[in-house]
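See structure below.
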Amino acid sequence: MLAGLIPHAAEPASLINRLSQNILMDAIEVSGIRKAFREGGETTHALRGIDLRIRSGQAFGLLGPNGAGKTTLIYILSTLVTPTSGTARVLGYDVTGESNEIKKRIGICMGGTHFYWDLKPREILNYFGRLYGLNSSARKKNIDRLIRKLGIHRFEDKEFGMLSTGMRQKVAVAKSLLNDPEVLFLDEPTAGLDVEVALDVRNFILDIIQERNMTVLLTSHQMGEVEQMCRRIAIINQGRLVNEGDIRDIRDSLRIPDVIHLYLDRYSGLGFLNKMPGVTHHCVSDGLFITADSAGSVINPVLAALKRNRFTVKDMEIRKPSLEEVFLTLVGRTTPLPKRYGKVT
Amino acid sequence: MMLEEASAHFYKQFKIMSRRMGEIAWIAIHPLIFILSLGILAYFVSEGGAGPETMLFVFAGVIVWNIYDVSQRATSFGITLDIWADSLKHTFTGSSSLAGFIVGNASYGLFSSVLVLMITGILAVILFGFNIFLAGFYLINLFFVFIFATGLALVINSLMVTKGDKYMSLIWILTGIIMIFSGVYYPIDILPGPVQAVSLAVPTTHSIMSLRAALGFSPGLANPELAIGAILSVAYFALGVLVFRWAIKRSKVTGVITRY
């Protein structure tokens, strides 16, 4: 029965086996990847041995300063650059030996994308749709859907050269989704966009990821964007993997303190706070900042002590360490908070 | 699948070129100027005592050279348009096979060649009474000219994807060099010995000779020159494909492909 309904499904048991393997498998497996670029007698080591696994259906963030090797890794995974050594597989296919199989199944969207200046958005999408081997009805259906969903119809008649940065990026996003990819590479997809367009693009990508259960590898300098889209991240610096895991686990493992920001009626005579257990640091600027391993364990004693000493708390804010602070700590730049504010006397 | 990919490259070139006045002129106006200016020159020389064969000699050369020119440009522009648009990486992360790329861009070259043949051939008949279509079967020489031009275009593409856009100027320079060596306006016998040897290694030299022979200039040469031209053209084309295949691999190693 199944064999009649599904092409190539002569053996239902093996099909189910294969499907379950696909569900459980790593969509991206990177093992010992190194990449060195040689130019003019100089060698630049872009990647110095990266190991990474990304589960199927996962949205994964790749963070790192400029020149860390993020884009090189995406280029390798999208088969555009050949690694110097190591192996990488996307959806089980080897990036060097089976690049055509990979290219059919991936989408890639980069920030600041350029296409042919003389072509209109629909023509650009038509070109890439043909490149992906989509027949004319599939092409039309996908292009119509993406044009409508991304609001490209509002500037459909303009040539690419006449479009704003935001409009161009919407065309780039549409192009990356034309072939219904199983894996989507997003290399700073909202770079250079204004807040409103960036939000549009981000929300659209988020919707489509959830709708299609796509595997996503995202690089971005917008930490909020990574936090919003991904649960797991890897941080690379100077071609090496610095840390990898669940954002919350990484944050906890680094023991970056929570910050309690208190707005008081006055800021003198706060020395009594230095003697409180669990309060590792406190400093004053336009408010009282208390840093503690866990805000929850110190907040009540601190408020009680302030009340005892006749301080009035006008407002209060508790802040967990941001991904930006996690990132800065991991790439060897300390959390800026203690330096930013003077110590209480 | 490969045909869809090939159609992508044809579609891109057709759409872009049809919007650029300069490119339309290159296919429509450029050959017209050649036919007019060189036709009048040939007429003047033939009337001055060189004989009616002069017209045949010049027109066969001019038509072949124009077909070489548009064929080579079409396949070279497959890469050049991507470099200009900073979109090379998108084309090669799209599911673009080498065969799809070559067939698609070369198809645009073939399409341009047929247009050029029609424009130049019909104008030559109307304005000067010279009919290249009388060559009949031997018009197949023009197909081999197209094959050779595509092969050389792939070599130019290889230089661009491995060394960068500084080699782009070869697209225009090479057509001039080929014109000099192929004996477009003169018999290669008048060239110095070593240059003649180079000329004989260029397929267009033989294709032009075969076409001229088919039209009545040294008739015995039509078949042997056709064969030599065909063999050399196919050999250059095969070499171009191999070099381009290697160049794409090399470009992925050096990362040059990601620059554009």
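Quick check on the range A:36-77: of everything there that is of a type in the set (K, R) and open to solvent by 30 Å² or more (accessible area, probe 1.4 Å), which residue is modelled with the lowest pLDDT?
My answer is A:R38.
How many residues are open to solvent by 50 Å² or more (accessible area, probe 1.4 Å) and hydroxyl-bearing (S, T, Y) when one looks only at the range B:139-185?
Qualifying residue count for the region: 3.
I need the full set of residues from the range B:89-116 which are polar (S, T, N, Q) and within 8 Å of another protein chain (Cβ to nearest Cβ), in order please.
Those that are polar (S, T, N, Q) and within 8 Å of another protein chain (Cβ to nearest Cβ): B:T91, B:T93, B:S95, B:S96, B:S97.
Take the range A:161-194 and flag every residue that is hydrophobic (A, V, I, L, M, F, W, C) and assigned to a loop (DSSP other than H, G, I, E, B).
A:L163, A:L178, A:A191, A:L193
Tell me which residues, restricted to the range A:78-98, are open to solvent by less than 50 Å² (accessible area, probe 1.4 Å), at the interface with chain B (Cβ under 9 Å from one of its Cβ atoms) and either among the β-branched types (V, I, T) or over 19 Å from the mean Cα position of the chain (by Cα) (or both).
A:T79, A:L80, A:V81, A:T82
More than 17 Å from B:K12 (Cβ to Cβ), more than 9 Å from chain B (Cβ to nearest Cβ) and β-branched (V, I, T): does that describe A:I147?
Against the criterion (more than 17 Å from B:K12 (Cβ to Cβ), more than 9 Å from chain B (Cβ to nearest Cβ) and β-branched (V, I, T)), A:I147 qualifies.
When you scan the range B:162-186, how many residues do you find that are outside any helix (DSSP H, G or I) and of a type in the set (G, A, S)?
Final tally of qualifying residues: 2.
Tally time: how many residues in the range A:107-120 are facing chain B (nearest Cβ under 7 Å) and either open to solvent by 10 Å² or more (accessible area, probe 1.4 Å) or farther than 23 Å from A:S78 by Cα (or both)?
Number of matching residues: 4.
How about the range B:70-84: which of its residues are more than 9 Å from the chain's Cα centre (by Cα) and among the hydroxyl-bearing types (S, T, Y)?
Within the range B:70-84, B:T75, B:S76, B:T80 qualify.
Of everything in the range A:121-138, what is open to solvent by 10 Å² or more (accessible area, probe 1.4 Å) and either polar (S, T, N, Q) or at the interface with chain B (Cβ under 9 Å from one of its Cβ atoms) (or both)? Give them in sequence order.
A:E123, A:N126, A:R130, A:Y132, A:G133, A:L134, A:N135, A:S136, A:S137, listed by residue number.
When you scan the range A:229-240, do you find a residue that is free of Cβ contacts under 8 Å to residues at least 60 places away in the same chain, at negative phi and open to solvent by 30 Å² or more (accessible area, probe 1.4 Å), even just one?
No.
Search the range B:248-259 for residues being touching a residue at least 60 places away in the same chain (Cβ under 8 Å) and buried (at least 22 other Cβ atoms within 10 Å of the Cβ), and hand back the single one that is farthest from the other protein chains (Cβ to nearest Cβ).
B:S251
Taking the conditions exactly as written (without any contact (Cβ under 8 Å) to a residue 40 or more places away in the chain and more than 21 Å from A:A27 (Cβ to Cβ)), does A:D194 satisfy them or not?
yes
How many residues, within the range A:24-35, are of a type in the set (K, R) and either without any contact (Cβ under 8 Å) to a residue 12 or more places away in the chain or open to solvent by 60 Å² or more (accessible area, probe 1.4 Å) (or both)?
1
Please determine whether any residue of the range A:195-213 is open to solvent by less than 70 Å² (accessible area, probe 1.4 Å), of a type in the set (A, V, I, L, M) and either under 30 Å from A:T44 (Cβ atoms) or assigned to a loop (DSSP other than H, G, I, E, B) (or both).
no
Inside the range A:127-169, can you point out the residues that are polar (S, T, N, Q) and under 22 Å from A:P189 (Cβ atoms)?
Residues satisfying the conditions are A:N142, A:S164, A:T165, A:Q169.
Pick out, from the range B:1-88, the helices (runs of 4 or more DSSP H) lying fully within it that include 1 or more residues that are within 14 Å of another protein chain (Cβ to nearest Cβ), in contact (Cβ under 8 Å) with a residue 60 or more places away in the chain and of a type in the set (K, R).
B:2-19
The values are calculated or read from the model by the stated rules, or taken from the named source; none is laboratory data. In this text, all values refer to a predicted model and were calculated from it rather than measured experimentally. Every residue, glycine among them, receives a Cβ derived from its backbone with ideal geometry; neighbour counts consider all protein chains shown. Side chains included, ligands, DNA and RNA excluded: accessible areas come from the protein's heavy atoms. Shrake-Rupley method; radii C 1.70, N 1.55, O 1.52, S 1.80 Å.
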